[in-house]
Amino acid sequence: MTDKQRRIGVYVCHCGGNISDHVDVDQVVAAAQAEPGVVVARQMMFACSDSGQGEMERDIEEQHLDGLVVASCSPKLHVVTFRGVAKRAGLNPYEYTQVNVREQASWVHTEDAQGTTDKAISLVRAGIARTRLTEPLEPIVVKTTQRTLVVGGGVAGLRAAIGLADIGLGVFLVEREAELGGWVGRFDEMYPTGKNGRALIASLIDEIGRRPSITVFAGAEMVSKAGSFGNYQVGIRVGAASPETLTIEVGSIIVATGFDAYQPEVGEFGYGIDGVVTLPEFKELIEASAGPLSYHGRAVRSVAYVYCVGSRQGDAEPGANAYCSRYCCAATVAASVQLASRDALVHQYHLYRDMRTYGKFELMYTESRKLGSVYLKFADDAPPAVAQDNAGHLTVTMRDLLTGGEELAIPADLVVLVTGMIPCKNDELINVLKLPLGRDGFFNEIHPKLRPVETVVDGVYIAGACQGPKNSSESVASGLAAVTQSAVILKKGFAELDPLVAVVDADACTACGVCLDACPYGAIEMAAVTARPTAVISETGCKGCGGCVPMCPENAIDLRGYTDAQITAMIDGLLEVAVA
Amino acid sequence: MTAQVDVRLLSDIQRYGAADVSACFSCGTCTATCPLVSEDATFPRRMIRYAQVGLRDKLLSSKELWTCYACGECSESCPTQAEPSEFMAAARRYAIASYDRTGLARLMYTRPIIGTLIAVILAAFFALFMYAAHGPQSTTSLDIFGFIPEALIHDLGIVVMAVVFLAGLAGVATMVRRLGTANAVTLRAVVGSRAALRRSAGALWSALGVESLGQRRYRADCDSDASLAPWYRRRWFLHASTMWGFLGLLAATIIDYGLALAGIKATGTPVPIWYPVRLLGTVSGLLLLYGVSMLIVQRYRGVERSVRHSTAADWTFLALVWITGVTGFAIELALYLPSAPAWGYWLFLFHVAVAMELVLLAPFMKFAHAVYRPVALFFLALAVHE
């Protein structure tokens, strides 16, 4: 056994009382001290504090530690912190084990002090057992192709392409439609600045034209993806009349495929009646006319807006859009201001559930009220009704919560259904990219706050409204975030990956192929590396999920950092206390 | 019943003031901060809402309009600077104009220049009318009724009173019918039984005695500057001083007339200052003049939040009361002078003309609150007693 040779340091954190209020830390330290291979065992008020980290670093250097265990909080919070401690003190970061005695002991067992302490001790023993078997690991270095594919030529994709080109990366821009520009390219006046959407798009296209490192494929689609992180081979189908498929090599992919507008069913809030239109239709109507509005030849003297059509639908309905589309409140308020400034006499009624004109858009909301718009609030469970009389006049009836639930009738020449955003129909692309979708059908990021444009597929980023409802400036911001993330992996020409991946013992492998089906990432293939074919796991494709390990009938696969031997030792460590 | 939304109401009310109220987004901070809000009367938000949505009937049937004493607390706390207090004042003006069937009030409020012209012309008309019947100006003693015959003033007064009574009654009837319907108060519920009568009497005492004469809530709840000013400079006292002074003068006039009818003292007979009726009139006059002068000064300075906004209607009312008070005192002064000055006669003519006008225009201007507010407070008291 190698136990005798290990020199492990164990640190038990009080977490300022979060742990020590329910766990007897002295007992835990004493138990750790008694474990074979442990040369230092200490307690700390806050292990993550500068002084705590410094003390550990000193111990590692002075006591020549070759293993580190910190019993504190969830590894999600601090595994990176303490791996950093190890690295700074000259210890391989993968010799570090985090034991979670806060979430797994003190926070969840507050009634039984000795039981909680016993559990903490057994968890620490398991951590020490694992650490006795750790090995130094080095990050996997992958050479990357310094080109990016941008899928989608809307405002987010166009701006991202320019950003990528400006930091020196090659860009392929693929747009399904024949023209670049997306939604913004169809708008004239846009909120909140009144900037012209078509002009914005024209200037972006002009900028793209001036950058030779950007190759644009319009009327084209991404049809296949092969390769792995840092080096993808992507098939692009171009040419509508005689389609052919090109293959390009890229290091990263930015998906900016945008959104579709919600299309109401006929009869939904009166949709289908002459004079009932959706928000995009209304926007087109405003842009097509100058001065006071008219619809089908009739002057529009009053407009009723019904908010949240197709958004924030009840969870109960299957396929309901439970989410808020975020942009529609501000877009509608902006449209009403636009209309009022053209026609001071037009009457405008806004029937809403909650006004969500967040941030600076609040000012437009105030302006719209000052210009005479009337806002009426209906209850979630009592939506307004749109009806047409024999003479063709439209009336919207609703109960206004702000007027004591009074039933009100609103005569309107035009009823605008304020429709939100829905995910694009993109089945082929979703299939090719293997990107997970959220419950709402939009693409999912890894972490909404900390990794907002990254996806579970390394090197594939999402930007703009394909991720969820966004306005144009938010879309551009996420597009540029995706540019930065591409730069992180492409600019150096190589990228480093976590070495915690599965490896095959080629001698033990019988090439049965079970693991190929078990891998959700397609990272395993049969290859004749030696004389006979065996399973080969791509270091860059493997996510370290461990799915293949228990499937192998020959036990020929091990997961680095979580080897069978380590896991078995941990279980033994846990049982040791349970029996005692 | 489904009501039709009508955006014209708000812009109509805005002609009576309250230009900023469109900024209101119904957060309800005003209602939360108002010291007078109770379960039986919630405002100003609800009133603003009625105006925004166009529920004219609801608004005009709201006793809440008159439950407010315009302390200005709500305007101070309003997050959108929508000036709810100013809106309440404008809505009261709108209500006065709406209860009035003649359209005169509306004209006076919404066309300040025409309104002022009407006031001047009307005063001039009264003066000329009385001057047409004038007699000699005695120089030995100030024989005012020798100059303008008492009978003429009396008869003219009766006519003016009758007109005011009819116009006022029509307005009050309109208001009572609206408030009665809105608050589900029937005639039977007011006088239908002994219990109802007892309840009504209690409500009447609350409205007229405790709240109007006693100014209980104005004094206790709405005194926004309570900690800043001594009692004699606070809004409630200035208002009470003016009101008590006015009522005292009214009482003195009626008693004087009663004494003449009873043959004890003919109207216009010189009496010493300590003569009870004269004393009542003098003290009342002093109260009135002090109150109204201070109200004018405060409004002019505009420091206090309740008078930060002023309309022509506010000034017209204050000016007419002040002129009536000052000229009355000047006449009293002239009466005690050894020889009768000529200006005393002209001042008397002016005094009577303005006083007539003040009474005649009462239902069509801010003065009308003296009747409408107690009516609303009566309904409020009924609701509270329920």
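The values are calculated or read from the model by the stated rules, or taken from the named source; none is laboratory data. All values reported here derive from a predicted model rather than from experimental measurement. Here the Cβ positions follow ideal geometry from the backbone for every residue, glycine too, while neighbour counts run over all protein chains shown.
Just a few scattered comments:
- Sub-6 Å Cβ pairs linking a first residue in the range B:57-86 that is closer than 15 Å to B:Val21 by Cβ and touching a residue at least 24 places away in the same chain (Cβ under 8 Å) to a second residue that is among the aromatic types (Phe, Trp, Tyr) and part of a helix (DSSP H, G or I), at least 6 apart or interchain, are B:Leu59/B:Tyr50, ordered by first then second residue.
- Of A:Leu164, A:Leu158, A:Leu123, all but one fail to be surrounded by fewer than 24 Cβ atoms within 10 Å (Cβ to Cβ), of a type in the set (A, V, I, L, M) and at pLDDT 95 or above; the exception is A:Leu123.
- Taken together, the residues in the range B:28-49 that are within 14 Å of chain A (Cβ to nearest Cβ), touching a helix residue (DSSP H, G or I) at 6+ places or on another chain (Cβ under 8 Å) and not in a helix (DSSP H, G or I) amount to 5.
- Any hit, the range A:353-363, residues being within 14 Å of another protein chain (Cβ to nearest Cβ), under 18 Å from A:Val306 (Cα atoms) and of a type in the set (Asp, Glu): yes
- Scanning the range B:328-346 for residues being within 15 Å of B:Gly285 (Cβ to Cβ) and surrounded by fewer than 21 Cβ atoms within 10 Å (Cβ to Cβ) gives a total of 8.
- Selection from the range B:50-76 of residues that are within 12 Å of chain A (Cβ to nearest Cβ), outside any helix (DSSP H, G or I) and over 17 Å from B:Val375 (Cα atoms): B:Gly54, B:Leu55
- Candidates in the range A:334-350 are the residues that are within 12 Å of chain B (Cβ to nearest Cβ) and not hydrophobic (A, V, I, L, M, F, W, C); of these, the one that is farthest from the chain's Cα centre (by Cα) is A:His347.
- Members of the range B:266-293 found to be under 14 Å from B:Gly325 (Cα atoms) and either crowded, with 20+ Cβ neighbours inside 10 Å or free of Cβ contacts under 8 Å to residues at least 12 places away in the same chain (or both), listed by number: B:Gly281, B:Ser284, B:Gly285, B:Leu287, B:Leu288, B:Leu289, B:Gly291, B:Val292
Conditions tested, residue by residue: (1) part of a helix (DSSP H, G or I); (2) out of contact with any strand residue (DSSP E or B) (no Cβ under 8 Å at 6 or more places or on another chain).
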| residue | (1), (2) |
| --- | --- |
| A:Pro192 | no, yes |
| A:Arg198 | yes, yes |
| A:Ser224 | no, no |
| A:Val234 | no, no |
| A:Thr257 | no, no |
| A:Asp260 | no, no |
| A:Phe269 | yes, no |
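- Screening the candidates A:Val483, A:Val476, A:Val456 for the property of being at negative phi, surrounded by fewer than 19 Cβ atoms within 10 Å (Cβ to Cβ) and not in a strand (DSSP E or B) yields one hit, A:Val456.
- Counting the residues of the range B:176-208 that are within 13 Å of B:Ser62 (Cα to Cα), in contact with a helix residue (DSSP H, G or I) (Cβ under 7 Å, 6 or more places away or on another chain) and part of a helix (DSSP H, G or I) gives 3.
- Residues located in the range A:486-517, provided they are in a helix (DSSP H, G or I) and among the hydrophobic types (A, V, I, L, M, F, W, C): A:Ala487, A:Val488, A:Ile489, A:Leu490, A:Val514, A:Cys515, A:Leu516
- Residues of the range A:390-411 that are assigned to a strand (DSSP E or B) and farther than 24 Å from A:Tyr327 by Cα: A:Leu394, A:Thr395, A:Thr397, A:Arg399, A:Glu406, A:Glu407, A:Leu408, A:Ala409, A:Ile410, A:Pro411.
Residues are listed down the side, and each one gets a yes or a no for (1) charged (D, E, K, R); (2) over 21 Å from A:Gly272 (Cβ atoms); (3) out of contact with any helix residue (DSSP H, G or I) (no Cβ under 6 Å at 6 or more places or on another chain); (4) within 11 Å of chain B (Cβ to nearest Cβ):
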{"position": "A:Leu371", "(1), (2), (3), (4)": "no, yes, no, yes"}
{"position": "A:Thr403", "(1), (2), (3), (4)": "no, yes, no, yes"}
{"position": "A:Ile410", "(1), (2), (3), (4)": "no, no, yes, yes"}
{"position": "A:Asp413", "(1), (2), (3), (4)": "yes, no, yes, no"}
{"position": "A:Glu428", "(1), (2), (3), (4)": "yes, yes, yes, no"}
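- Residue in the range A:133-151 that is touching a residue at least 40 places away in the same chain (Cβ under 8 Å), part of a helix (DSSP H, G or I) and in the same structural domain as A:Val488 (by TED's automatic domain parsing) present: no
- The residues in the range B:1-27 that are within 11 Å of chain A (Cβ to nearest Cβ), touching a residue at least 12 places away in the same chain (Cβ under 8 Å) and in a loop (DSSP other than H, G, I, E, B) can be counted, and the count is 7.
- Of the numbered criteria (1) outside the structural domain of B:Met175 (by TED's automatic domain parsing); (2) out of contact with any His (no Cβ under 8 Å at 6 or more places or on another chain), the one B:Thr116 fails is (1).
- Test: residue in the range B:149-157 that is of a type in the set (Asp, Glu) and either part of a loop (DSSP other than H, G, I, E, B) or closer than 30 Å to B:Gly28 by Cβ (or both): no
- Listed by first and then second residue, the pairs linking a residue in the range A:556-576 that is polar (S, T, N, Q) to a residue that is part of a loop (DSSP other than H, G, I, E, B), with Cβ atoms under 9 Å apart and 6 or more places separating them unless they lie on different chains, are A:Thr563/A:Leu133; A:Thr563/A:Glu135; A:Gln566/A:Leu133; A:Gln566/A:Thr134.
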